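Read the structure below first, then the notes.
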Amino acid sequence: MGTPGEGLGRCSHALIRGVPESLASGESAGAGLPALDLAKAQREHGVLGGKLRQRLGLQLLELPPEESLPLGPLIGDTAVIQGDTALITRPWSPARRPEVDGVRKALQDLGLRIVEMGDENATLDGTDVLFTGREFFVGLSKWTNHRGAEIVADTFRDFAVSTVPVSGPSHLRGLCGMGGPRTVVAGSSDAAQKAVRAMAVLTDHPYASLTLPDDAAADCLFLRPGLPGALPFLLHRGGGDLPNSQEALQKLSDVTLVPVSCSELEKAGAGLSSLCLVLSTRPHS
């Protein structure tokens, strides 16, 4: 997993969590979040799971929905995984911290080495962490602080870890992502462009860059399939969600584009990277 080009992983498993009825109420989901169409959100989630399993060939593990955890489907915030190590995060919102319990058990069952964040001064959302295959960038945002970033560095000592200031209401992964093993994609907003410029200053590795009209389009997942010789996949928001970014995404010619929708789930703060955890380990028999 650690070598350039391989670090973004030949993946075998994906972990998701079902959408509870409690997510349909903006009041129960969290202050300031609009009510959403539960049936549509569940359909989007089901299609995502189907693409992960059937199109990408991953073994899909789905945790059941929990009504006490309305934001539980945003499972990408609960762990940072590299190789056989999983860092269990400490979400900024105390109401979301119980979400990590079921995820911890599932990752333990898969045989991953579990690292806990014991420092009560640390906060970390997984979608503030971008792994390029060569290094980590940790966004310092409303949700993630310096102590959380330090724990990422302590956990993954084989890789450089740099911090990137994130302005506005987004996580780092909501502004930029990996469109290939050496290509960073980013939205066109000031916040996204500032983040990319900061990353360029901090890194010793040359990355190509591609700017997309929509910040949310940069929240994508670059995944290597288990089949030898197959092109990598880029799981991305489709034209029904973000039509303005589709032409730019076609410039990524060295990946197989796999579009999905999460426009309804987005109302609850979900980005594509927050809806699944992808693993490259294999469970113990």
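No value in this document is a laboratory result; all are computed from the given coordinates. As the structure is a computational prediction, the values presented were derived from the model and not from experiment. Cβ: placed from backbone, ideal geometry, glycine included. Neighbour counts: every protein chain shown.
Amide H to amide H distances under 5 Å link A160 with F136, where only residues 5 or more positions off or on other chains count and H is placed in the peptide plane. What you get for the chain, charging only the Cβ of Lys and Arg (+1) and of Asp and Glu (-1), is a dipole of about 620 debye around the Cα centre.
Modelled label positions at S93 and L231, each set 7 Å beyond Cα in the direction of Cβ, lie 3.7 nm from each other.
Each peptide in 13-19, 41-47, 242-248 receives the mean, over its residues, of other Cβ atoms within 10 Å, and ordering these scores from highest gives 13-19, 41-47, 242-248.
Packing order of peptides 182-194, 95-107, highest average first: 182-194, 95-107 (average count of other Cβ atoms within 10 Å over each peptide's residues).
Secondary structure note: in the chain, about 40% of the DSSP beta bridges are antiparallel. Within straight-line reach of K142, meaning a Cα separation under 14 Å, sit the following aspartates and glutamates at least 8 residues removed in sequence or on another chain: D77, D125, D128. Distant-in-sequence amide contacts of A79, defined by a placed amide H-H separation under 5 Å and a gap of 5 or more residues or a different chain, comprise T89, G126.
With the helix formula -39500 (n - 2.57) applied to DSSP H stretches of n ≥ 4, the chain reaches a computed 222 nm mean residue ellipticity of -5500 deg cm²/dmol. Within the shell defined by Cβ-Cβ distances under 13 Å, the residues around L249 carry a net charge of -3, with Lys and Arg each +1 and Asp and Glu each -1.
Per-residue Karplus couplings for the range 74-90, computed as 6.51 cos²θ - 1.76 cosθ + 1.60 with θ equal to phi - 60°, are listed in order as 7, 5, x, 7, 8, 7, 10, 10, 9, x, 9, 10, 10, 8, 7, 7, 10 Hz, Gly and Pro entered as x. Less than 5 angstrom separates the built amide H of G179 from those of V184, V185, all sequence-distant by 5 or more or on a different chain. Taking a straight line from the alpha carbon of K51, these aspartates and glutamates sit under 17 Å away, with near neighbours fewer than eight places off in the same chain left out: E62, D219, D241. Among E120, E264, E135, the largest mean-square fluctuation in a Gaussian network model of the chain (Cα springs under 10 Å) belongs to E120. Specify whether the C-alpha gyration tensor of the range 12-125 places it in the rounded, prolate or oblate class, a ≥ b ≥ c being the square roots of the eigenvalues: rounded for a/c under 1.5, otherwise prolate if a/b is larger than b/c and oblate if not. Judged from the Cα gyration tensor, the range 12-125 comes out oblate (a/c at least 1.5, b/c at or above a/b). Any chance you could check the Cα centroid distance between the range 89-154 and the range 200-259 for me, in angstrom? The range 89-154 and the range 200-259 have Cα centres separated by 24 Å. Name the shape class, rounded, prolate or oblate, that the alpha-carbon gyration tensor gives for the chain, where a ≥ b ≥ c are the square roots of its eigenvalues, rounded holds for a/c under 1.5, and otherwise prolate holds if a/b is larger than b/c and oblate otherwise. Rounded is the answer for the chain, as its axis ratio a/c remains below 1.5. Need one word for the range 73-165: rounded, prolate or oblate. Basis is the Cα gyration tensor (sqrt eigenvalues a ≥ b ≥ c); a/c below 1.5 gives rounded, then a/b vs b/c decides. The shape class here is oblate.
Along the range 53-69 the Karplus relation, 6.51 cos²θ - 1.76 cosθ + 1.60 evaluated at θ = phi - 60°, assigns HN-Hα couplings of 7, 8, 7, 9, x, 8, 7, 9, 10, 10, 6, x, x, 10, 5, 6, 10 Hz to successive residues, with x for each Gly and Pro. Computed from the Cβ-Cβ distance with R0 of 35 Å, the FRET efficiency linking Q54 to K251 stands at 0.85.
Between beta-carbons, use under 11 Å as the cut-off and find the net charge around D154, counting Lys and Arg +1, Asp and Glu -1. Here the count lands on 0.
Counting Lys and Arg as +1 and Asp and Glu as -1 over every other residue whose Cβ lies under 13 Å from the Cβ of L38, the net charge comes to -2.
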